[in-house]
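Student: Before I ask anything, let me first share the structure, which is written out below as structure tokens.
The values are calculated or read from the model by the stated rules, or taken from the named source; none is laboratory data. What you see is a predicted model, and the numbers here were worked out from it, not measured in a lab. Cβ: placed from backbone, ideal geometry, glycine included. Neighbour counts: every protein chain shown.
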Amino acid sequence: MSSSARPTDTLRLRSRLVAKPSRLQPVLEPVGPAGPWPRLRPATAKTLANRDRWSLLSIRAFDVVVSLVGLVVLFPVMLAVAIAIKLDSPGPVLYGSPRIGQRRTMFRAWKFRSMWTGADAELAALLARDPAARREFETFHKLRRDPRLTPVGAVIRRTSLDELPQLFNVLIGEMSIVGPRPKLLRDAEVFGPALVHVLRVKPGLTGLWQVSGRNRLPIRDQIALDLQYARTRTLAGDLRICAKTLVQIWNPGKHGAY
């Protein structure tokens, strides 16, 4: 969603994506404009528009270069992961997860399959019988000991190798190298009104919350970091996040990956 969106657009998105008030409403209420968007003098508005245009162009150029180089350099790794998945468990190598993209467009975020087929039913049964697991999932939207993961899946999840196919999403413009985490449909209820601000930018392969604690962060902190990134995005900031991501790849457990 562009920065020129009006409050009516916010209300329209709320009605389409939010089925009922978010449980985090008290936390998120101060976020976003409380009234009409500020009016800028023509000269100021033009300067900001030009600055945004060049920023977007530079970030897109960065995305294309990094995704192309990554696909070429990491092809042997991706091939090895694909073979390991095929030998480890029955099912497809890739999984396309429906996500909400920039400006509310739906797309499939591609990942290496890390779960058994029929894993969602197993998760539902676990959460129904285990209150502790249910509380953990509601707080973090992840389980430290996830029964859905295959042996190979547990490894590629921990090392983030499962997300390498999303370089294709970046190359065709559905995602960016850095951005908020791609949102599931169920996230619309959890994010509430904050989602309209997060969707102003493309979702990313890595992002601010991933390098700020990752799965150790409760969902409310993840939302706050996504909002912070969407409001302050710059190419220099993306480069810093990329550098931190590379550091975390070498020691994933220390930084909350599981």
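Student: Pick from region 114-143 the residues that are assigned to a loop (DSSP other than H, G, I, E, B) and out of contact with any Asp or Glu (no Cβ under 7 Å at 6 or more places or on another chain): which of them is surrounded by the fewest Cβ atoms within 10 Å (Cβ to Cβ)? Steps first, please.
Tutor: First, pick out the residues of region 114-143 that are assigned to a loop (DSSP other than H, G, I, E, B): 114, 116-118, 130, 141-143.
Restricting the remaining residues to those that are out of contact with any Asp or Glu (no Cβ under 7 Å at 6 or more places or on another chain) gives 116-118, 130, 141-142.
Details: W116: 15, T117: 14, G118: 10, D130: 13, H141: 16, K142: 15.
In this case the residue turns out to be G118.
Student: Oh, and also: Can you pull out the residues in region 67-88 that are touching a Pro at 6+ places or on another chain (Cβ under 8 Å) and either part of a loop (DSSP other than H, G, I, E, B) or at pLDDT 95 or above (or both)? Explain how you work it out, then say what you get.
Tutor: Narrowing region 67-88 to residues touching a Pro at 6+ places or on another chain (Cβ under 8 Å): 78, 88.
If the condition is that a residue be touching a Pro at 6+ places or on another chain (Cβ under 8 Å) and either part of a loop (DSSP other than H, G, I, E, B) or at pLDDT 95 or above (or both), then M78 is the only one that fits.
Student: Give me the residue from region 159-172 that is in a loop (DSSP other than H, G, I, E, B) and modelled with pLDDT under 95 and, out of that set, farthest from L205 (Cα to Cα).
Tutor: Restricting attention to region 159-172, the residues satisfying the condition of being in a loop (DSSP other than H, G, I, E, B) are 159-160, 164-165, 172.
After this cut, where a residue has to be modelled with pLDDT under 95 as well, the list is 159-160.
On the way: T159: 13, S160: 10 Å.
Looking at the filtered set, the residue picked out is T159.
Student: Also: Does region 65-99 hold any residues that are touching a helix residue (DSSP H, G or I) at 6+ places or on another chain (Cβ under 7 Å), among the hydrophobic types (A, V, I, L, M, F, W, C) and buried (at least 18 other Cβ atoms within 10 Å of the Cβ), and which are they?
Tutor: Within region 65-99, V81, A84, I85 qualify.
Student: Right, something else. Which condition does S160 not pass, out of (1) of a type in the set (S, T, Y); (2) on the phi < 0 side of the Ramachandran plot; (3) in contact (Cβ under 8 Å) with a residue 40 or more places away in the chain, if it passes all the others?
Tutor: (2)
Student: Scan (1) closer than 26 Å to F75 by Cβ; (2) surrounded by 17 or more Cβ atoms within 10 Å (Cβ to Cβ); (3) modelled with pLDDT of 90 or more for the single condition A243 breaks and write down its number.
Tutor: The failed condition is (2).
Residues checked against (1) touching a helix residue (DSSP H, G or I) at 6+ places or on another chain (Cβ under 7 Å); (2) touching a residue at least 12 places away in the same chain (Cβ under 8 Å); (3) assigned to a helix (DSSP H, G or I):
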| site | (1), (2), (3) |
| --- | --- |
| I156 | yes, yes, yes |
| P180 | yes, yes, no |
| L185 | no, yes, no |
| P193 | yes, yes, yes |
| K202 | yes, yes, no |
| S212 | yes, yes, no |
| Q228 | no, yes, yes |
| I241 | no, yes, yes |
| Q248 | yes, yes, yes |
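Student: Inspect all residues belonging to region 162-175 and state whether any of them is under 26 Å from T105 (Cα atoms), surrounded by fewer than 16 Cβ atoms within 10 Å (Cβ to Cβ) and β-branched (V, I, T).
Tutor: Yes, region 162-175 contains at least one residue that is under 26 Å from T105 (Cα atoms), surrounded by fewer than 16 Cβ atoms within 10 Å (Cβ to Cβ) and β-branched (V, I, T).
Student: What residue, among those in region 118-133 that are of a type in the set (D, E, K, R) and modelled with pLDDT of 80 or more, is nearest to R181 (Cα to Cα)? Let's see the steps before the verdict.
Tutor: Step one: list which residues in region 118-133 are of a type in the set (D, E, K, R), which gives 120, 122, 129-130.
Next, only the ones that are modelled with pLDDT of 80 or more stay: 129-130.
Details: R129: 29, D130: 27 Å.
Once the filter is applied, the top-ranked residue is D130.
Student: Same structure again: Among A34, A43, which is the only one that is surrounded by fewer than 11 Cβ atoms within 10 Å (Cβ to Cβ), at pLDDT below 50, in a helix (DSSP H, G or I) and among the hydrophobic types (A, V, I, L, M, F, W, C)?
Tutor: A43
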